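Read the structure below first, then the notes.
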DNA sequence: GGCGGTATCTAAGCAATGTCCAGATCGGAT
DNA sequence: ATCCGATCTGGACATTGCTTAGATACCGCC
């Protein structure tokens, strides 16, 4: 019964809880060296095991990446829930959008892995599929904003549109060519809000 | 002076015009086998040269990809110009958006390479930067739609917002989870238009 | 027309990667 | 105590990006 001691010390017999250690290592590499450095062997190295060890916990490299992406989606959901809790009701949509984009800017490498997995699998990891997903959160927000005066279809479409805008902004706002514009408009967050306010077309003026 | 004959025949002395052949080969592989199969060596193989040959025309693998991406952006611009020329004025914005997304769906692998390059380089390939870019086309469209009643700042912001929406939709609309919704709404194109029409928020109703 | 220079291409090789396999090691159920 | 199955290692293989040394064939120049 030396499991506890082994976990706390240096070299457990069989390692105790690799899988989780691998995920932690992967995220660490991602944040430290970017997505291109995220090789299976590097993850194993970081976790202090042989290059073949991960294959007992993940079928594939892509399965490891999927697990990392899942973790990312959960973090994103946490961020959105916080934004949801602390924003004024009348600017909830903008607040969620800004929170989404700022998450992607704070974790660029992770966001990239998340999205790559989402594309490759043709569907998002489970967390974005269930009843407590961030997507449902957005729908609830929009439903409330409309005061019930909206069909489920329009709700779904509006939520998708919001997601499109947020994701597009997350990727486009990193382009260097918009740096002068950002400054002219008063900083990063002001830029995000401004773009989000122009989604409707040419009519809407700044709030 | 056997250049012409050599170009038409099987094995030119030095190959005639590699670089272009490499680009063609890259696009071919991309469309046939997807982005993960696009290795430098595979491109060289497809073009019938040694694995080291491409290095006399491209400094890097990434430089090859950049050239491919540039070609993609040019094709995209062509598509947008066509849509611009053949759409009704009052639904120009939606038409451009649909054309954008349909291009990305018709060339998924190419679109992915284009966007990867755009992200890695922090700025888009040149073609999207000059005065004849697709981005300027969108701005012109929006300027016309507003009848001159819009500031340059609002114009720029609206163009960016449109781009965000189009890109987001391009990536999100491929998710399998929206398939039932697509059918419920009347097919792919109807789905695209519907989402684009909901960009403004919960107010707008379908046209 | 011959000559050297230069751009282009090949051959061979290096380190790194994803993946598999044979065996070693260890925990836990019987 | 013993065996089983899960976990980990060491070694190997094919493939990849990239480099270097040397071959090949076009070019301008005399």
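The values are calculated or read from the model by the stated rules, or taken from the named source; none is laboratory data. Because the structure is a prediction, the values reported are computed rather than measured. Here the Cβ positions follow ideal geometry from the backbone for every residue, glycine too, while neighbour counts run over all protein chains shown.
The residues of the stretch A:30-53 that are exposed (fewer than 12 other Cβ atoms within 10 Å of the Cβ) and within 12 Å of DNA strand D (Cβ to nearest atom), listed by number, are A:36, A:50, A:52. Name the single residue, out of those in the stretch A:10-44 being farther than 21 Å from residue A:71 by Cα and within 12 Å of DNA strand C (Cβ to nearest atom), that is modelled with the highest pLDDT. Applying the filter and picking the extreme gives A:15. What residue, among those in the stretch B:54-75 that are within 12 Å of DNA strand C (Cβ to nearest atom) and crowded, with 17+ Cβ neighbours inside 10 Å, is farthest from the other protein chains (Cβ to nearest Cβ)? Per the criteria, the residue is B:54.
If you go through the stretch A:190-200 one residue at a time, do you hit one that is facing chain B (nearest Cβ under 10 Å) and modelled with pLDDT under 90? Checking the stretch A:190-200: at least one residue is facing chain B (nearest Cβ under 10 Å) and modelled with pLDDT under 90.
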